[in-house]
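The values are calculated or read from the model by the stated rules, or taken from the named source; none is laboratory data. Model, not experiment: these values are computed from the prediction. Cβ: placed from backbone, ideal geometry, glycine included. Neighbour counts: every protein chain shown. Just so you know, the surface numbers come from the protein's heavy atoms only, side chains and all, with ligands and any DNA or RNA stripped out. Shrake-Rupley method; radii C 1.70, N 1.55, O 1.52, S 1.80 Å.
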Amino acid sequence: MPPHDKLYPDLISKGLNTSRIGSKVIVFGSATSTNDIIAKYADDANNDGLAVFAEEQTQGRGRNGVKWLSSSSDSILCSVLLMNEDSSSDLLSLIAAVAVAETIGEPATIKWPNDILINGKKVAGILLESKSTKAGGAYILGIGINCHQKKFSGELESTATSIYIERGNICDRTILCRRLLIELEGWLEEANNNAAVVIQAWQELSTQLNHRITLIHNKRKFSGTCVGVDPEKGLIVELDRGGRQFFAAAQTSIVK
Ligand code: BTN
């Protein structure tokens, strides 16, 4: 184990050279869901960039209403508050995916819209939620990274993985948390300057680009070849039946 495997806010903040993301860092031993905790800070625009971490969650949740399970101190469970953000939610979703994949490093890839995979298994997930508050619009970016898990059971056995399983060594979660905040700030700034750079990075990390995929969109099945991603309209697919269609993340899931 690294010397300081327990997470402490001052150790995460030490040497953190960001100006916005991680401007305040809070660590909970146990939380319901870091996304729920951080939502309570969204009435004050001064909390922009706040990062909340937890060693464990009792009500962690993922996309599409699924539970996000994590044994204590084995993961990074993080939420970041973005107040009055310029980027759209679809672009934020791409930004977050690139930032998390870069935090974990090679050979992490992205499965649209924002699952992070290693060797085809999910190592991290992102839950982006929005809230209207008296301080303006708030985005809550929830990120879960599997770090020290030695195995997964049940149906997760064939679909989930951790950094330990893939690399065979215990990572330093403090360093990873700090890197996550730095990557997030960097890619948010990149998007403000030129969103095309984020899209290019996303496409380079994508497992789907130029591959055949099948998706369920509004309960209908579509097959075709993924040819790109649009920050506003979603995944771009050349359908087998002819024509090009956009698939928005909120209404779509990839089944193959
Ligand atoms: C997914 O892939 O379905 C998204 C998973 C997101 C999990 C993280 S863990 C920290 C934050 N708090 C939550 O309750 N969920 C997110």
Go ahead and set up a Gaussian network model of the chain, Cα springs under 10 Å, then flag whichever of S158, S30, S130 fluctuates most. S158
Inter-site label distance for A45 and K14 at 7 Å from Cα along Cβ, in nm: 3.5
Which sequence of K14, K131 reflects their accessible areas, 1.4 Å probe, from the largest down? K14, K131
Sequence of R20, R61, R241 when ordered by accessible area, the most exposed leading, probe 1.4 angstrom: R241, R61, R20
Calculate, for the chain, the solvent-accessible area per residue in square angstrom, rolling a 1.4 angstrom probe over the heavy atoms of the protein chains. 46
Inter-site label distance for E155 and N193 at 7 Å from Cα along Cβ, in nm: 4.3
Choose one answer from L181, L127, L156: the residue with the largest mean-square fluctuation in a GNM of the chain with alpha-carbon springs under 10 Å. L156
Under the helix-only model (-39500 (n - 2.57) for each DSSP H run of 4 or more, divided by the residues of the chain), the mean residue ellipticity at 222 nm, to 500 deg cm²/dmol, is -7500 deg cm²/dmol
Counting only protein heavy atoms and leaving out ligands, DNA and RNA, the solvent-accessible surface of H211 at a 1.4 Å probe, in Å² to the nearest 10, equals 100
Mind pulling the angle between the C-alpha long axis of helix 195-205 and the longest principal axis of the chain? Nearest 10 degrees, somewhere in 0 to 90. 80
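What does the convex hull of the Cα atoms of segment 1-103 come to per residue, in Å³, rounded to a whole number?
Working: hull volume 12.9 nm³, N = 103.
Residue-normalised Cα hull volume stands at 126 Å³.
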May I ask you to give the percent of accessible area on segment 212-254 that is carbon plus sulfur, with a probe radius of 1.4 Å? 47
Roughly speaking, what is the stretch gain from S253 to N218, that is 0.36 nm per residue apart minus the C-alpha to C-alpha distance, in nm to one decimal? 11.7 nm
Using a Gaussian network model on the chain with a 10 Å cutoff between Cα atoms, which of G234, G154, G105 fluctuates the most? G154
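Roughly how big is segment 212-254's charge dipole about its Cα centre, with Cβ charges of +1 (Lys, Arg) and -1 (Asp, Glu), in debye to the nearest 20? Working shown, then result.
Numbers: 7 positive and 4 negative charges, 48 e Å.
So the dipole magnitude of segment 212-254 works out to roughly 240 debye.
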Tell me the accessible surface of E238 in square angstrom (1.4 angstrom probe, heavy atoms of protein chains only), to the nearest ten. 70
Let me know the whole percent of all Cα-Cα pairs from the chain that are separated by more than 23 Å. 50
Too-long pairs where the Cα-Cα distance tops 24 Å, listed order kept, from K24/K134; K131/K233; K131/K151; K24/K131; K134/K233: K131/K151; K134/K233
